[in-house]
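Peer 1: I have a structure I would like to understand better, so I am pasting it below and will then ask my questions one at a time.
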Amino acid sequence: MNSVWNDLLDKQVRELTDAAAILGYSYEKCLAVGVRANLSQDQLESFEALTARFARLSDLVIQKVLRTISALELEDIGTVRDRINRAEKWGLIESAEDFVQIRMLRNEIAHEYQSETIFDIFERTLALTPALSDAVKRIRQYIDRHID
């Protein structure tokens with residue numbers, strides 16, 4: 001692997017690790033509160049931070065890291081679905097279906113403005129965060145074993 005790809009992947013792994021830690025903090029905080037109708041302003045702010053951090057980490061995984069790994073493995077980068085399916089095949093993620101749901105949720109987070117659906121987004125974010133966090137661990141293990 002040439003140094004340009006190596007440097008890029010190293011940078012992405014650092015970003016991934018940092019973003020996962022920040023998401024983990026928000027996840028634990030929001031999990032303790034739980035989703036309910038009478039959230040305080042501070043709790044709503046915590047859930048907003050959770051969803052933003054979830055969206056950012058999912059973008060880092062799907063749009064950056066999986067693209068880079070595909071390129072390093074000499075695979076066609078392909079569509080988002082291609083990257084997700086390949087990631088499952090390589091053991092980078094547990095379930096392609098979970099990651100399709102993660103991607104769809106990320107898009108809803110980015111484009112949702114209706115307060116009626118925000119609690120559903122909070123619940124789904126809490127439900128899918130463990131799969132996203134697990135993917136970060138798997139990606140780091142894969143890179144350590146296969147790419148260096």
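Peer 1: Treat every Asp and Glu Cβ in the chain as -1 and every Lys and Arg Cβ as +1, leave all other atoms uncharged, and give the resulting dipole magnitude about the Cα centre to the nearest 20 debye.
Peer 2: Working: 19 positive and 25 negative charges, 50 e Å.
Once rounded to the nearest 20, the dipole reads 240 debye.
Peer 1: So if we plug the beta-carbon distance of A37 and T79 into 1/(1 + (r/R0)^6) with R0 = 35 Å, what FRET efficiency do we get, rounded to 0.05? Display every interim value, and only then the final one.
Peer 2: Working: r = 38 Å, r/R0 = 1.10.
Once the sixth-power term is evaluated, E becomes 0.35.
Peer 1: Here is a follow-up. Just going by the charge dipole of segment 3-146, with Lys and Arg at +1 and Asp and Glu at -1 on Cβ, which of M104, L57, V13 is farthest out on the positive end?
Peer 2: V13
Peer 1: Using only the Cα atoms of segment 78-135, build the gyration tensor, take square roots of its eigenvalues as a ≥ b ≥ c, and label the shape rounded, prolate or oblate: rounded if a/c is under 1.5, else prolate if a/b is larger than b/c, else oblate.
Peer 2: Numbers: a/c = 3.85, a/b = 1.85, b/c = 2.08.
Taking the square roots of the gyration eigenvalues as a ≥ b ≥ c, segment 78-135 is oblate.
Peer 1: For S58, what is the net charge nearby, where nearby means another residue's Cβ is under 9 Å from its Cβ and Lys, Arg count +1, Asp, Glu -1?
Peer 2: Working: positive: R56, R103, R106; negative: D59.
Counting the neighbours of S58, the net charge comes to +2.
Peer 1: Is the C-alpha gyration tensor of segment 36-116 telling us rounded, prolate or oblate? Criteria: a/c under 1.5 is rounded; beyond that, a/b larger than b/c is prolate, otherwise oblate. Present the calculation step by step, with values, prior to reporting the outcome.
Peer 2: On the way: a/c = 2.85, a/b = 2.70, b/c = 1.06.
Verdict is prolate for segment 36-116.
Peer 1: Okay, moving on. Measure of size requested: the Rg and Dmax of segment 3-146, with Cα atoms as the atom set and Å as the unit; please supply both.
Peer 2: My reading of the Cα-based Rg and Dmax gives 15.7, 52 Å.
Peer 1: For every other residue with a beta carbon closer than 13 angstrom to the beta carbon of L132, add +1 if it is Lys or Arg and -1 if Asp or Glu, then tell me the sum.
Peer 2: Numbers: positive: R53, R56, R103, R106, R124, K137, R138; negative: D59, E94, D98, D134.
With Lys, Arg at +1 and Asp, Glu at -1, the neighbours total +3.
Peer 1: Could you work out [θ]222 nm for the chain from helices alone, using -39500 (n - 2.57) per DSSP H run of at least four and dividing by all its residues? Round to the nearest 500 deg cm²/dmol.
Peer 2: Numbers: 6 runs with 112 residues, N = 148.
Using -39500 (n - 2.57) per qualifying helix, the result is -26000 deg cm²/dmol.
Peer 1: Rounded, prolate or oblate: which one fits segment 1-73, using the alpha carbon gyration tensor with axes a ≥ b ≥ c (rounded when a/c is under 1.5, else prolate when a/b beats b/c, else oblate)? Don't jump to the answer; show the numbers that get you there.
Peer 2: Numbers: a/c = 4.34, a/b = 3.32, b/c = 1.31.
Since a/c reaches 1.5 and a/b is larger than b/c, the shape of segment 1-73 is classed as prolate.
Quick note: the coordinates plus some simple rules give every number you see, no bench work behind them. Just so it is clear, the model here is predicted, and its values are computed rather than measured. With ideal geometry, Cβ positions are generated from the backbone for all residues, glycine too; neighbour counts draw on all protein chains shown.
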